[in-house]
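Structure record follows, encoded as C-alpha coordinates.
The values are calculated or read from the model by the stated rules, or taken from the named source; none is laboratory data. Here the structure is a predicted model, which is why all the values come from computation and not from measurement. Backbone-built Cβ (ideal geometry, glycine too); neighbour counts: all protein chains shown. Just so you know, the surface numbers come from the protein's heavy atoms only, side chains and all, with ligands and any DNA or RNA stripped out. Shrake-Rupley method; radii C 1.70, N 1.55, O 1.52, S 1.80 Å.
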Amino acid sequence: MNKKTMRAVAITAAMATTLAGLGVSVNAADSIRLVNGKIEIDAQLKKLAEMYENETGVHVEIESMGGGIDIQGTVKGYYQADNMPDIFVNGGASDFSNWEGLLVDMSDQEWAADTDAAYISETDGTIGFPYTTEAIGLAYNADILEKAGIDPATLVTPDAIKGAFETLDSQKEDLGLDAVVGYCAEVVNLYWSTGNHVFANYIDGGLDREDTTYIDMLNDGGQIDKERFEKFAEFVGLLNQYSDPSLLVSGTYDQQILNFASGKYAFVTQGSWIGATMTNDDAEAYEAAGNFKCGMVPYAFEEGCDTILTNSPSWWAVYKDGNVEAAEAFLQWLTTDEAQEVLVMEAGFVSPFKSCKYVANDPFAQTITDYQNAGKTSGWHWLNMKEGIAQNATGQVFGMYAQGQLDAAGFTDAMASVIADYYAN
(Lines give C-alpha, C1' and ligand atoms only; values in the text may rest on other atoms or scores of the structure.)
Protein backbone atom coordinates (compact mmCIF):
# COMPACT_ATOMS: atom_id res chain seq x y z
CA MET A 1 0.00 0.00 0.00
CA ASN A 2 1.51 3.35 -0.99
CA LYS A 3 1.41 6.54 1.07
CA LYS A 4 -1.52 8.01 -0.85
CA THR A 5 -3.63 4.90 -0.35
CA MET A 6 -2.64 4.73 3.32
CA ARG A 7 -3.66 8.37 3.73
CA ALA A 8 -7.01 7.72 2.02
CA VAL A 9 -7.67 4.77 4.31
CA ALA A 10 -6.70 6.79 7.37
CA ILE A 11 -9.01 9.65 6.40
CA THR A 12 -11.86 7.26 5.76
CA ALA A 13 -11.29 5.51 9.07
CA ALA A 14 -11.26 8.80 10.95
CA MET A 15 -14.41 9.92 9.15
CA ALA A 16 -16.10 6.62 9.97
CA THR A 17 -15.24 7.01 13.65
CA THR A 18 -16.62 10.55 13.75
CA LEU A 19 -19.86 9.70 11.95
CA ALA A 20 -20.30 6.53 13.98
CA GLY A 21 -20.27 8.69 17.08
CA LEU A 22 -23.17 10.60 15.58
CA GLY A 23 -25.09 7.42 15.00
CA VAL A 24 -24.40 7.30 11.25
CA SER A 25 -23.47 3.96 9.69
CA VAL A 26 -20.43 4.20 7.38
CA ASN A 27 -18.69 1.54 5.34
CA ALA A 28 -14.95 2.12 5.78
CA ALA A 29 -14.34 0.58 2.35
CA ASP A 30 -16.09 3.52 0.69
CA SER A 31 -12.95 5.22 -0.49
CA ILE A 32 -12.04 5.38 -4.15
CA ARG A 33 -9.10 6.63 -6.19
CA LEU A 34 -9.29 8.25 -9.64
CA VAL A 35 -6.32 8.69 -11.98
CA ASN A 36 -6.95 11.77 -14.13
CA GLY A 37 -4.98 12.57 -17.29
CA LYS A 38 -5.81 16.27 -17.56
CA ILE A 39 -3.58 18.00 -15.03
CA GLU A 40 -5.19 21.36 -15.85
CA ILE A 41 -8.45 20.32 -14.14
CA ASP A 42 -6.87 18.91 -10.99
CA ALA A 43 -8.27 21.71 -8.79
CA GLN A 44 -11.79 21.32 -10.16
CA LEU A 45 -11.79 17.55 -9.68
CA LYS A 46 -10.56 17.93 -6.12
CA LYS A 47 -13.36 20.42 -5.50
CA LEU A 48 -15.84 17.85 -6.83
CA ALA A 49 -14.29 15.16 -4.63
CA GLU A 50 -14.76 17.38 -1.58
CA MET A 51 -18.36 18.13 -2.56
CA TYR A 52 -19.04 14.42 -2.99
CA GLU A 53 -17.49 13.49 0.34
CA ASN A 54 -19.51 16.15 2.12
CA GLU A 55 -22.67 14.83 0.48
CA THR A 56 -22.12 11.07 0.73
CA GLY A 57 -19.30 10.42 3.18
CA VAL A 58 -17.29 8.66 0.45
CA HIS A 59 -13.71 9.86 0.06
CA VAL A 60 -12.45 10.29 -3.51
CA GLU A 61 -8.72 10.63 -3.96
CA ILE A 62 -7.78 12.46 -7.15
CA GLU A 63 -4.41 11.58 -8.66
CA SER A 64 -3.72 13.85 -11.67
CA MET A 65 -1.00 13.15 -14.20
CA GLY A 66 0.31 15.36 -16.98
CA GLY A 67 3.39 17.05 -18.32
CA GLY A 68 4.57 14.16 -20.47
CA ILE A 69 3.98 11.39 -17.92
CA ASP A 70 3.38 7.97 -19.47
CA ILE A 71 -0.01 7.42 -17.87
CA GLN A 72 -0.60 3.96 -19.28
CA GLY A 73 2.88 2.89 -18.22
CA THR A 74 2.28 4.24 -14.73
CA VAL A 75 -1.06 2.47 -14.38
CA LYS A 76 0.51 -0.77 -15.64
CA GLY A 77 3.04 -0.38 -12.84
CA TYR A 78 0.20 0.06 -10.37
CA TYR A 79 -1.34 -3.15 -11.69
CA GLN A 80 1.90 -5.08 -11.21
CA ALA A 81 2.17 -3.70 -7.67
CA ASP A 82 -1.47 -4.57 -6.85
CA ASN A 83 -2.14 -0.87 -6.38
CA MET A 84 -4.77 -0.21 -9.04
CA PRO A 85 -6.95 2.90 -8.94
CA ASP A 86 -10.70 2.30 -8.98
CA ILE A 87 -11.14 4.73 -11.91
CA PHE A 88 -8.49 5.63 -14.47
CA VAL A 89 -8.14 7.42 -17.79
CA ASN A 90 -7.81 5.79 -21.22
CA GLY A 91 -7.18 7.70 -24.43
CA GLY A 92 -8.61 5.36 -27.05
CA ALA A 93 -8.56 1.89 -28.54
CA SER A 94 -4.86 1.27 -27.97
CA ASP A 95 -5.14 2.21 -24.29
CA PHE A 96 -8.30 0.18 -23.71
CA SER A 97 -6.71 -2.84 -25.37
CA ASN A 98 -4.24 -2.96 -22.47
CA TRP A 99 -7.09 -3.76 -20.07
CA GLU A 100 -9.20 -6.26 -21.98
CA GLY A 101 -11.31 -8.25 -19.54
CA LEU A 102 -10.30 -6.04 -16.61
CA LEU A 103 -12.86 -3.23 -16.91
CA VAL A 104 -16.48 -2.93 -15.80
CA ASP A 105 -19.27 -2.87 -18.39
CA MET A 106 -21.27 0.20 -17.36
CA SER A 107 -24.04 -0.13 -19.93
CA ASP A 108 -26.58 -0.53 -17.11
CA GLN A 109 -25.72 2.86 -15.59
CA GLU A 110 -28.18 5.75 -16.01
CA TRP A 111 -25.57 8.01 -17.58
CA ALA A 112 -25.00 5.57 -20.46
CA ALA A 113 -28.42 6.43 -21.91
CA ASP A 114 -27.72 10.16 -21.52
CA THR A 115 -24.77 10.40 -23.94
CA ASP A 116 -23.61 9.38 -27.39
CA ALA A 117 -19.95 9.63 -26.42
CA ALA A 118 -19.35 6.58 -24.22
CA TYR A 119 -16.50 4.28 -25.21
CA ILE A 120 -18.05 0.97 -26.26
CA SER A 121 -16.00 -2.16 -26.87
CA GLU A 122 -17.40 -4.98 -28.99
CA THR A 123 -16.09 -7.50 -26.47
CA ASP A 124 -16.33 -5.72 -23.10
CA GLY A 125 -19.31 -3.39 -23.53
CA THR A 126 -19.57 0.20 -22.29
CA ILE A 127 -16.23 0.63 -20.58
CA GLY A 128 -15.48 4.35 -20.97
CA PHE A 129 -17.20 7.25 -19.17
CA PRO A 130 -16.94 10.47 -21.22
CA TYR A 131 -16.42 13.74 -19.38
CA THR A 132 -15.99 16.31 -22.15
CA THR A 133 -16.56 16.65 -25.87
CA GLU A 134 -14.42 17.86 -28.76
CA ALA A 135 -15.66 18.38 -32.30
CA ILE A 136 -14.32 18.31 -35.84
CA GLY A 137 -16.16 20.51 -38.31
CA LEU A 138 -15.56 23.45 -40.61
CA ALA A 139 -15.28 26.25 -38.05
CA TYR A 140 -16.56 29.68 -39.02
CA ASN A 141 -16.62 33.32 -37.97
CA ALA A 142 -20.33 34.05 -37.55
CA ASP A 143 -19.89 37.83 -37.77
CA ILE A 144 -18.26 37.58 -41.19
CA LEU A 145 -20.91 35.22 -42.53
CA GLU A 146 -23.64 37.57 -41.32
CA LYS A 147 -22.01 40.56 -43.00
CA ALA A 148 -21.80 38.57 -46.24
CA GLY A 149 -25.46 37.59 -46.00
CA ILE A 150 -24.73 33.87 -45.55
CA ASP A 151 -26.87 31.75 -43.24
CA PRO A 152 -24.64 28.95 -41.86
CA ALA A 153 -27.72 26.74 -41.39
CA THR A 154 -27.93 26.46 -45.18
CA LEU A 155 -24.38 25.18 -45.61
CA VAL A 156 -25.18 21.48 -45.73
CA THR A 157 -24.60 20.66 -49.41
CA PRO A 158 -21.55 20.89 -51.70
CA ASP A 159 -23.23 23.52 -53.86
CA ALA A 160 -24.11 25.65 -50.84
CA ILE A 161 -20.52 25.51 -49.54
CA LYS A 162 -19.14 26.39 -52.98
CA GLY A 163 -21.58 29.29 -53.33
CA ALA A 164 -20.63 30.63 -49.90
CA PHE A 165 -16.93 30.44 -50.72
CA GLU A 166 -17.51 32.31 -53.99
CA THR A 167 -19.55 35.02 -52.25
CA LEU A 168 -16.95 35.52 -49.54
CA ASP A 169 -14.12 35.56 -52.04
CA SER A 170 -15.83 38.34 -53.99
CA GLN A 171 -16.17 40.40 -50.81
CA LYS A 172 -12.75 39.72 -49.27
CA GLU A 173 -11.60 43.34 -49.30
CA ASP A 174 -14.81 44.70 -47.76
CA LEU A 175 -14.81 41.97 -45.11
CA GLY A 176 -11.12 42.40 -44.25
CA LEU A 177 -10.27 38.83 -45.18
CA ASP A 178 -6.90 37.49 -46.28
CA ALA A 179 -8.66 34.37 -47.55
CA VAL A 180 -11.98 32.58 -47.33
CA VAL A 181 -10.58 29.59 -45.45
CA GLY A 182 -7.52 28.94 -43.33
CA TYR A 183 -6.53 25.47 -44.54
CA CYS A 184 -3.01 24.11 -44.17
CA ALA A 185 -1.71 20.90 -45.75
CA GLU A 186 1.92 21.24 -44.64
CA VAL A 187 3.21 17.67 -44.44
CA VAL A 188 5.88 17.68 -41.71
CA ASN A 189 4.09 19.24 -38.75
CA LEU A 190 0.43 19.33 -39.78
CA TYR A 191 -0.05 15.88 -41.32
CA TRP A 192 -2.26 15.06 -38.31
CA SER A 193 -4.67 17.84 -39.22
CA THR A 194 -5.20 16.68 -42.80
CA GLY A 195 -4.41 12.97 -42.54
CA ASN A 196 -6.46 12.43 -39.39
CA HIS A 197 -9.01 15.18 -38.87
CA VAL A 198 -9.90 16.31 -42.39
CA PHE A 199 -9.71 12.71 -43.66
CA ALA A 200 -12.02 11.73 -40.78
CA ASN A 201 -14.88 13.41 -42.59
CA TYR A 202 -14.59 10.93 -45.45
CA ILE A 203 -14.82 8.12 -42.89
CA ASP A 204 -17.72 9.46 -40.81
CA GLY A 205 -19.29 12.59 -42.30
CA GLY A 206 -23.08 12.38 -42.43
CA LEU A 207 -23.23 8.90 -40.86
CA ASP A 208 -24.90 7.57 -37.74
CA ARG A 209 -22.47 7.39 -34.83
CA GLU A 210 -22.43 3.59 -34.93
CA ASP A 211 -21.91 3.34 -38.71
CA THR A 212 -18.49 1.81 -39.35
CA THR A 213 -18.85 1.22 -43.10
CA TYR A 214 -15.82 3.15 -44.26
CA ILE A 215 -13.46 2.47 -41.38
CA ASP A 216 -14.26 -1.21 -41.83
CA MET A 217 -13.31 -0.98 -45.51
CA LEU A 218 -10.10 0.81 -44.57
CA ASN A 219 -9.15 -1.84 -42.05
CA ASP A 220 -10.01 -4.62 -44.49
CA GLY A 221 -6.84 -4.35 -46.54
CA GLY A 222 -6.85 -0.56 -46.96
CA GLN A 223 -9.90 -0.16 -49.20
CA ILE A 224 -11.71 3.10 -49.92
CA ASP A 225 -15.09 3.75 -51.51
CA LYS A 226 -14.00 5.61 -54.65
CA GLU A 227 -17.42 7.06 -55.42
CA ARG A 228 -17.67 8.63 -51.95
CA PHE A 229 -14.01 9.63 -51.95
CA GLU A 230 -14.27 11.39 -55.31
CA LYS A 231 -16.90 13.71 -53.83
CA PHE A 232 -14.67 14.26 -50.83
CA ALA A 233 -11.77 15.05 -53.16
CA GLU A 234 -13.80 17.75 -54.89
CA PHE A 235 -14.51 19.32 -51.50
CA VAL A 236 -10.83 19.29 -50.52
CA GLY A 237 -10.17 20.93 -53.89
CA LEU A 238 -12.37 23.85 -52.76
CA LEU A 239 -10.28 24.15 -49.61
CA ASN A 240 -7.14 24.28 -51.74
CA GLN A 241 -8.66 26.88 -54.07
CA TYR A 242 -9.94 29.28 -51.43
CA SER A 243 -7.21 28.93 -48.82
CA ASP A 244 -4.57 31.51 -47.96
CA PRO A 245 -1.70 30.67 -50.36
CA SER A 246 0.84 31.75 -47.73
CA LEU A 247 -0.58 29.14 -45.36
CA LEU A 248 -1.64 26.31 -47.64
CA VAL A 249 1.58 24.31 -48.03
CA SER A 250 4.07 25.90 -45.64
CA GLY A 251 2.11 27.47 -42.80
CA THR A 252 2.06 26.54 -39.14
CA TYR A 253 -0.69 25.63 -36.72
CA ASP A 254 -0.02 28.76 -34.67
CA GLN A 255 -0.35 30.97 -37.78
CA GLN A 256 -3.55 29.21 -38.79
CA ILE A 257 -5.25 29.80 -35.45
CA LEU A 258 -3.93 33.33 -34.91
CA ASN A 259 -5.12 34.42 -38.36
CA PHE A 260 -8.59 32.98 -37.74
CA ALA A 261 -8.74 34.57 -34.28
CA SER A 262 -7.71 37.87 -35.89
CA GLY A 263 -10.66 37.78 -38.29
CA LYS A 264 -8.54 37.12 -41.39
CA TYR A 265 -10.38 33.93 -42.41
CA ALA A 266 -14.10 33.21 -42.56
CA PHE A 267 -13.49 29.48 -42.03
CA VAL A 268 -10.70 27.38 -40.56
CA THR A 269 -10.05 23.64 -40.81
CA GLN A 270 -9.46 22.90 -37.14
CA GLY A 271 -11.59 21.46 -34.37
CA SER A 272 -13.17 22.92 -31.27
CA TRP A 273 -9.90 22.66 -29.34
CA ILE A 274 -8.77 25.94 -30.92
CA GLY A 275 -11.26 27.79 -28.71
CA ALA A 276 -8.87 27.54 -25.77
CA THR A 277 -6.05 29.05 -27.85
CA MET A 278 -8.26 31.86 -29.11
CA THR A 279 -9.27 32.86 -25.60
CA ASN A 280 -5.83 32.45 -24.05
CA ASP A 281 -2.67 32.71 -26.20
CA ASP A 282 -4.48 34.65 -28.95
CA ALA A 283 -6.85 36.54 -26.66
CA GLU A 284 -5.52 39.99 -27.60
CA ALA A 285 -5.97 39.37 -31.32
CA TYR A 286 -9.38 37.79 -30.76
CA GLU A 287 -10.52 40.77 -28.71
CA ALA A 288 -9.26 43.18 -31.39
CA ALA A 289 -11.35 41.25 -33.91
CA GLY A 290 -14.44 41.74 -31.75
CA ASN A 291 -14.53 38.42 -29.87
CA PHE A 292 -16.73 37.23 -32.71
CA LYS A 293 -19.19 34.39 -32.33
CA CYS A 294 -18.00 31.06 -33.70
CA GLY A 295 -19.77 28.01 -35.05
CA MET A 296 -19.25 24.93 -37.19
CA VAL A 297 -20.77 23.59 -40.37
CA PRO A 298 -20.32 20.05 -41.71
CA TYR A 299 -17.69 19.15 -44.27
CA ALA A 300 -20.67 18.79 -46.62
CA PHE A 301 -18.96 17.01 -49.50
CA GLU A 302 -22.13 15.17 -50.53
CA GLU A 303 -25.88 15.54 -50.15
CA GLY A 304 -27.11 14.58 -46.70
CA CYS A 305 -23.77 15.22 -45.02
CA ASP A 306 -25.24 17.25 -42.16
CA THR A 307 -23.20 16.22 -39.12
CA ILE A 308 -20.09 17.34 -37.32
CA LEU A 309 -17.81 14.73 -35.75
CA THR A 310 -17.79 14.70 -31.96
CA ASN A 311 -16.04 12.57 -29.40
CA SER A 312 -14.58 12.49 -25.96
CA PRO A 313 -10.78 12.88 -26.21
CA SER A 314 -10.41 10.30 -23.44
CA TRP A 315 -12.54 8.34 -20.99
CA TRP A 316 -12.61 7.15 -17.39
CA ALA A 317 -12.83 3.39 -16.87
CA VAL A 318 -13.65 1.38 -13.74
CA TYR A 319 -11.31 -1.42 -12.68
CA LYS A 320 -13.36 -4.59 -12.15
CA ASP A 321 -11.44 -5.72 -9.04
CA GLY A 322 -11.62 -2.31 -7.38
CA ASN A 323 -14.38 -0.67 -5.37
CA VAL A 324 -16.80 -0.97 -8.28
CA GLU A 325 -20.05 0.07 -6.63
CA ALA A 326 -18.57 3.21 -5.11
CA ALA A 327 -16.73 4.08 -8.34
CA GLU A 328 -19.89 3.72 -10.43
CA ALA A 329 -21.85 5.82 -7.96
CA PHE A 330 -19.29 8.63 -8.17
CA LEU A 331 -19.32 8.64 -11.97
CA GLN A 332 -23.12 8.77 -11.97
CA TRP A 333 -22.98 11.69 -9.54
CA LEU A 334 -20.69 13.56 -11.94
CA THR A 335 -23.63 13.83 -14.34
CA THR A 336 -25.80 15.64 -11.77
CA ASP A 337 -26.56 19.31 -12.07
CA GLU A 338 -24.23 20.40 -9.26
CA ALA A 339 -21.28 18.42 -10.63
CA GLN A 340 -21.88 19.43 -14.23
CA GLU A 341 -21.87 23.08 -13.20
CA VAL A 342 -18.29 22.68 -11.94
CA LEU A 343 -17.11 20.63 -14.92
CA VAL A 344 -18.64 22.98 -17.48
CA MET A 345 -18.49 26.44 -15.94
CA GLU A 346 -15.23 26.04 -13.99
CA ALA A 347 -13.28 23.36 -15.87
CA GLY A 348 -14.52 24.66 -19.23
CA PHE A 349 -15.75 21.30 -20.51
CA VAL A 350 -18.37 20.83 -23.19
CA SER A 351 -20.64 18.29 -21.54
CA PRO A 352 -21.26 15.04 -23.42
CA PHE A 353 -24.50 14.55 -21.48
CA LYS A 354 -27.82 15.50 -23.06
CA SER A 355 -29.35 16.39 -19.70
CA CYS A 356 -26.74 19.05 -18.93
CA LYS A 357 -28.16 22.59 -18.94
CA TYR A 358 -24.82 24.42 -18.78
CA VAL A 359 -22.80 25.76 -21.69
CA ALA A 360 -19.11 26.55 -21.24
CA ASN A 361 -17.67 29.98 -21.92
CA ASP A 362 -15.86 28.73 -25.02
CA PRO A 363 -16.27 29.97 -28.61
CA PHE A 364 -17.44 26.55 -29.81
CA ALA A 365 -19.35 25.24 -26.80
CA GLN A 366 -22.80 26.37 -27.94
CA THR A 367 -22.52 24.96 -31.45
CA ILE A 368 -21.37 21.57 -30.15
CA THR A 369 -24.24 21.52 -27.66
CA ASP A 370 -26.70 22.43 -30.41
CA TYR A 371 -25.50 19.64 -32.71
CA GLN A 372 -25.62 17.12 -29.85
CA ASN A 373 -29.13 18.12 -28.86
CA ALA A 374 -30.27 17.86 -32.49
CA GLY A 375 -28.75 14.38 -32.84
CA LYS A 376 -26.55 15.62 -35.69
CA THR A 377 -23.19 14.19 -34.68
CA SER A 378 -21.06 11.41 -36.14
CA GLY A 379 -18.27 9.40 -34.53
CA TRP A 380 -14.47 9.54 -34.56
CA HIS A 381 -13.70 6.22 -36.20
CA TRP A 382 -10.45 7.63 -37.56
CA LEU A 383 -9.07 6.69 -34.15
CA ASN A 384 -9.24 3.08 -35.37
CA MET A 385 -7.03 3.60 -38.42
CA LYS A 386 -3.70 1.85 -38.61
CA GLU A 387 -1.13 3.56 -36.42
CA GLY A 388 1.05 6.14 -38.19
CA ILE A 389 -1.03 6.32 -41.35
CA ALA A 390 -1.55 10.09 -41.22
CA GLN A 391 2.15 10.84 -40.92
CA ASN A 392 3.34 8.27 -43.40
CA ALA A 393 0.56 8.10 -45.98
CA THR A 394 -2.63 10.16 -45.97
CA GLY A 395 -1.10 13.45 -44.80
CA GLN A 396 1.50 13.28 -47.56
CA VAL A 397 -1.16 12.93 -50.27
CA PHE A 398 -3.09 15.94 -48.96
CA GLY A 399 0.17 17.88 -49.29
CA MET A 400 0.67 16.78 -52.89
CA TYR A 401 -2.87 17.86 -53.75
CA ALA A 402 -2.36 21.27 -52.13
CA GLN A 403 0.92 21.73 -54.00
CA GLY A 404 -0.87 21.22 -57.33
CA GLN A 405 0.82 17.91 -58.10
CA LEU A 406 -2.56 16.17 -58.28
CA ASP A 407 -6.06 16.99 -59.46
CA ALA A 408 -9.17 15.59 -57.74
CA ALA A 409 -9.03 12.31 -59.66
CA GLY A 410 -5.31 11.99 -59.01
CA PHE A 411 -5.85 12.72 -55.32
CA THR A 412 -8.39 9.90 -55.17
CA ASP A 413 -6.16 7.43 -57.01
CA ALA A 414 -3.07 8.35 -55.00
CA MET A 415 -4.94 8.06 -51.72
CA ALA A 416 -6.32 4.64 -52.67
CA SER A 417 -2.84 3.47 -53.61
CA VAL A 418 -0.92 4.69 -50.56
CA ILE A 419 -3.55 3.44 -48.12
CA ALA A 420 -3.60 -0.01 -49.71
CA ASP A 421 0.21 -0.13 -49.61
CA TYR A 422 0.31 1.06 -46.00
CA TYR A 423 -2.07 -1.64 -44.83
CA ALA A 424 -0.28 -4.28 -46.91
CA ASN A 425 3.03 -3.43 -45.24
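Below, the figures for the structure above:
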read-out: Among 277-288, 80-91, the order from most to least packed when residues are scored by Cβ within 10 Å on average; value: 80-91, 277-288
read-out: Probe 1.4 Å, all protein chains present, accessible-area order of 385, 415, 400, 345, largest first; value: 345, 400, 385, 415
read-out: Amide hydrogen neighbours beyond the local backbone of residue 64, cut-off 5 Å, H modeled; value: 36
read-out: Projected-area average for the stretch 22-179 over all orientations - Cα convex hull basis, square nanometres; value: 15.6 nm²
read-out: Angle between the chain longest axis and helix 3-21 axis [Cα atoms, degrees, rounded to 10]; value: 50 degrees
read-out: Cross-link pairs beyond the 20 Å C-alpha cut-off, checked among 264/376; 231/293; 38/320; 76/320; 320/354; value: 264/376; 231/293; 38/320; 320/354
read-out: Protection-proxy order for peptides 297-305, 225-233, 190-198, each taking the mean of Cβ atoms within 10 Å per residue, highest first; value: 190-198, 297-305, 225-233
read-out: Solvent-accessible area, 1.4 Å probe, carbon plus sulfur percent, for the chain; value: 46 percent
read-out: ³J(HN,Hα), Karplus 6.51/-1.76/1.60, whole Hz, each residue of the stretch 99-112, x for Gly, Pro; value: 10, 4, x, 10, 10, 7, 7, 9, 5, 8, 7, 4, 5, 5
read-out: Per residue accessible area of the chain, 1.4 Å probe, in Å²; value: 43 Å²
read-out: Angle in degrees between helix 42-56 and the longest Cα principal axis of the chain, rounded to the nearest 10; value: 40 degrees
read-out: Counted charge near residue 222, where neighbours are those whose Cβ lies closer than 14 Å (Asp, Glu -1; Lys, Arg +1); value: -4
read-out: Area of residue 294 that stays accessible when all protein chains are in place (1.4 Å probe, Å², to 10); value: 10 Å²
read-out: For the stretch 185-191, 3J(HN,Hα) per residue [Karplus equation, 6.51 cos²θ - 1.76 cosθ + 1.60, θ = phi - 60°, Hz, x = Gly/Pro]; value: 10, 4, 8, 8, 10, 10, 4
read-out: Derived scalar couplings ³J(HN,Hα) [the stretch 199-216; Karplus, 6.51 cos²θ - 1.76 cosθ + 1.60; whole Hz; x for Gly, Pro]; value: 4, 4, 5, 4, 5, 10, x, x, 9, 4, 4, 8, 6, 10, 3, 8, 6, 5
read-out: Only Lys, Arg (+1) and Asp, Glu (-1) charged, at Cβ; the stretch 113-182 dipole about Cα centre in debye; value: 100 debye
